[in-house]
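See below for the structure under consideration.
FYI, it's all coordinate maths here, none of it is from the lab. The model shown is predicted, which means the values in this text are computed figures rather than measured ones. Glycine also receives a Cβ, built like all others from the backbone with ideal geometry; neighbour counts cover every protein chain displayed.
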Amino acid sequence: MSTIDRLVDELERSYAEAQERMSDPAVYNDHRRAADAGRRLKELEGPFRLAEAWRRASADLDAARSDPELASLAAEIESEAERLEDELKLALVEKDPADEKDVIVEIRQGVGGDEAALWAGDLYRMLTRYAERRAFRTETLATSENEAGGFKEVVFAVKGQGAYSVFKYEGGTHRVQRVPETESQGRIHTSTATVAVMPEVEDVEVSVDEKDLKIDVYRSTGPGGQSVNTTDSAVRITHLPTGIVVAMQDERSQLQNREKAMRVLRARLYEAERERQRAEVAAARRSQIGGAERAEKIRTYNFPENRLTDHRIKLTAHRLDQVLGGELDEFTDALQAEDRRRALAAASA
């Protein structure tokens, strides 16, 4: 039996088992188990349909090869069967379980002082515009402005099916080369901002024990440090076991700030666990594009040359103004294609 035959047999067994689980009353009456079973069945639906198409094409190919009157069609049918086989192998490659999730994006100024803070603001506008172009919804969770009009930090959520599968490629260090407005000699400066992209998770996916939290409340402050609120509405949550700290102050309600802080904390804890797991399978990680570590320089944006280069796939475009307006599809598509190419190569190895 060939490798593809074994894959299809196993897929058909898994699909039948998933259907049985969905019809099991014990599963159906348990909200969490039913949701898991439904997701599993949905994951297998596409590959199962491809497997059915591949089986039909394979049967047609056998018939064409054995019937002289159909021999002229054999080459065309064989090509279709091979295409379906490649698609099926790719569909069966283990997907990132976070791909369909909403995301939380954190942008922080890096090297470059005020210019880095202004650049962080430019990235924020670029990514939120890109989200709008992809019909995702955005929600600003926290902002920390600097006195020059940029951002020390900005945190926002992107909501919509498949948001993580799109925005995960934006994680890393974004470097800009341009002449700052305050530069009288016309010299080009290099600044950076870092972007962290984390899947947003539900309470049931990341359990946080209240005993592990240290919660402080204080008055909100503006860019210069002055108080902008007369009540202790700002919230700082410290997760004691990991040392992760999240602070929120944009809302006037202490409860709203706490809820937003918990959303970001859960996302950071989830991502920290994913990083730990990835570190344990370093060999597998090397087959992925980049890895999106925050310290990794993923792109350079050169204003004098109207040029953007993605260093992970060596892709350059001379339309920086459009990209900053949210037209990032070319880069996302190329990164996803490279991911698929590598996954298919690994599956075929």
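Quick look at the values:
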| quantity | calculated |
| --- | --- |
| Formal net charge of residues neighbouring ASP122 (Cβ-Cβ distance under 11 Å; K, R +1; D, E -1) | +2 |
| Total formal charge among the other residues, if their Cβ is under 12 angstrom from that of ALA75, Lys/Arg +1 and Asp/Glu -1 | -3 |
| Three-way shape call for segment 1-150 based on the alpha-carbon gyration tensor, with the a/c threshold at 1.5 | oblate |
| Computed FRET value (nearest 0.05) for ALA35 with ARG252, which takes r as the C-beta separation and R₀ as 35 Å | 0.50 |
| Derived scalar couplings ³J(HN,Hα) [segment 316-332; Karplus, 6.51 cos²θ - 1.76 cosθ + 1.60; whole Hz; x for Gly, Pro] | 10, 9, 9, 8, 4, 4, 5, 4, 5, x, x, 8, 9, 4, 4, 6, 4 |
| Read-out Rg and Dmax of the Cα atoms in Å, derived from the coordinates shown; its label in (1) 23.0, 77; (2) 24.8, 88; (3) 30.9, 111 | (2) |
| Within the chain, percent of DSSP bridges classed antiparallel, to nearest 5 | 90 percent |
| Helix-only mean residue ellipticity at 222 nm for the chain, each DSSP H run of n ≥ 4 adding -39500 (n - 2.57), per residue, nearest 500 | -15500 deg cm²/dmol |
| Folded to 0 to 90 degrees: helix 31-66 orientation relative to the chain principal axis, Cα | 40 degrees |
| Rel. contact order, % - alpha carbon contacts under 8 angstrom, at least six apart, the chain | 15 percent |
| The chain: angle of helix 113-133 to the longest principal axis, Cα-based, in degrees nearest 10 | 40 degrees |
| Crossing angle, helix 3-23 versus the chain [Cα axis fit, 0-90 degrees, rounded to tens] | 70 degrees |
